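Take a look at the structure set out below.
The values are calculated or read from the model by the stated rules, or taken from the named source; none is laboratory data. Fair warning: this is a prediction, and the values are worked out from it, not measured in the lab. Counting neighbours? That spans all protein chains shown, and the Cβs are built from the backbone with ideal geometry, glycine included. Side chains included, ligands, DNA and RNA excluded: accessible areas come from the protein's heavy atoms. Shrake-Rupley method; radii C 1.70, N 1.55, O 1.52, S 1.80 Å.
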Amino acid sequence: QVQLVESGGGLVQAGGSLRLSCVVSGRTFSRYAMGWFRQAPGKEREFVAAINWSGGTTNYADSVKGRFTISRDNAKNTVYLQMNSLKPEDTAIYYCASVPYGSIRFSPLSYDYWGQGTQVTVSS
């Protein structure tokens with residue numbers, strides 16, 4: 001059974017930082033790309049960042065480029081999202097997801113396993 005467990009969300013002031021973690025079990029983590037998505041109230045789930053199987057390729061939504069960094073530790077079956085210079089508009093539930101390919105995908109429809117989500121709230 002594949003499980004993804006996120007942690008690291010919370011309440012932070014604008015300009016602050018958080019690091020999200022997502023531990024994956026039940027799948028050969030090092031073979032597959034990973035992604036982070038977010039969903040704010042009343043909005044659709046949107047792509048935030050993704051990383052390929054090796055960590056050598058990453059991609060970001062324009063809204064977070066230069067502020068967020070995705071990384072992975074294949075020895076720990078963990079993917080991270082370092083979020084700096086947070087803004088109130090970053091407030092959302094953040095989800096990590098696993099895709100059955102080694103290369104990056106942008107559509108949530110491509111991802112077959114999802115975590116339960118972790119709340120990030122940025123106050124102004």
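A few notes on this one:
- Among Gly15, Gly102, Gly26: highest mean-square fluctuation, GNM of the chain, C-alpha pairs under 10 Å: Gly26
- Remark: the chain carries a charge dipole of roughly 200 debye about the Cα centre, counting +1 on each Lys and Arg Cβ and -1 on each Asp and Glu Cβ.
- Overall, the accessible surface of the chain at a probe of 1.4 angstrom is composed of carbon and sulfur to the extent of 47 percent.
- Mean shadow area of the chain over all directions, Cα convex hull, nm²: 6.8 nm²
- Global geometry of region 45-88, whether rounded, prolate or oblate, following the gyration tensor of its Cα atoms and the 1.5 cut on a/c: prolate
- Once the Cα-Cα distance is subtracted from the 0.36 nm per residue extended length, the Thr28 to Ala61 segment shows a gain of 9.2 nm.
- Across region 87-103, the residues whose backbone nitrogen lies under 14 Å from the label position 7 Å along the beta-carbon direction of Ser123 are 88.
- Each part gets one Cα centre, and for region 89-116 versus region 1-60 those centres are 7 Å apart.
- Applying 1/(1 + (r/R0)^6) with r as the Cβ-Cβ distance of Val2 and Phe106 and R0 = 35 angstrom yields a FRET efficiency of 0.95.
- For the chain, the per residue solvent-accessible surface stands at 50 Å², with DNA, RNA and ligands left out and a 1.4 Å probe.
- GNM top mover of Val48, Val64, Val79 - the chain, alpha-carbon springs below 10 Å: Val64
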